[in-house]
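All of the numbers you see were taken from the coordinates with simple rules; none came from a lab. This is a predicted model, so every value here is computed, not measured. Backbone-built Cβ (ideal geometry, glycine too); neighbour counts: all protein chains shown.
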């Protein structure tokens, strides 16, 4: 993937990744205030950084209107996301870190610049398509390959069976809870009952029965198998 001709600091890369995350697949401008909230800093500091990144042609910035990543900026962001998610796979699959532990470590490792290292890491891991949270990993060309359709557990009917494919909440507290109940990507799950008064579910996870609140079930995504 093309990279900026300029050397980028970790802070600059963090801003680019944040703008990419906020914009998603749209081309809408991201406001200074929204980015300041995301980065937990002052709007004036965000403005200074946006001006620097605009000079490096990584984004366009218009006062009072916000910023939009250029094609180069978007490529840089995707490269950072790719590295982050591959490192998360490595930490969970090869070093047995809990999936609630890996985000902060991957935040540090994502700034490694060697494309050769990342490509070899991907090959070593067997070319994974998703990270430990079920998010897609872009390939070497920066493309997000299609992943199988998935549904939130809360939207499924009684009797539905499926494979856990991802989660919406990446907070340590949520992931630690999933670790406690031994639910992970690839777990087989079945909805045994749905309580009408509050939407909570009785589910069977790899043969074990437990109960999920509607809020919890809405944050778990499965690929239905029946």
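Quick look at the values:
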read-out	value
Candidate values (1) 1.02; (2) 0.96; (3) 0.99, label of the one derived for Rg/Rh (Cα atoms, Kirkwood Rh)	(1)
Exposure proxy ranking, count of Cβ atoms within 10 Å, fewest first, for 177, 15	177, 15
Separation of the residue 38 and residue 111 label points, Cα + 7 Å toward Cβ, nm	1.8 nm
Between helix 43-55 and the chain: long-axis angle, C-alpha atoms, 0 to 90°, nearest 10	70 degrees
The chain: most fluctuating residue of 146, 33, 179 per GNM, C-alpha cutoff 10 Å	146
Peptides 83-89, 122-128 ordered by average Cβ neighbours within 10 Å, highest first	83-89, 122-128
Globularity ratio of the range 116-226, using Cα Rg and 2.2 N^0.38 Å	1.18
In nm, spacing of pseudo-spin labels at residue 182 and residue 139 (7 Å Cα→C-beta vector)	3.7 nm
Contact order relative to length of the chain, as percent, for alpha carbon pairs under 8 angstrom and 6 or more apart	16 percent
Acute angle (nearest 10 degrees) that the helix 115-124 long axis makes with the longest principal axis of the chain, alpha-carbon atoms	10 degrees
Extension gain, residue 157 back to residue 174 (0.36 nm per residue minus Cα-Cα distance, nm)	3.8 nm
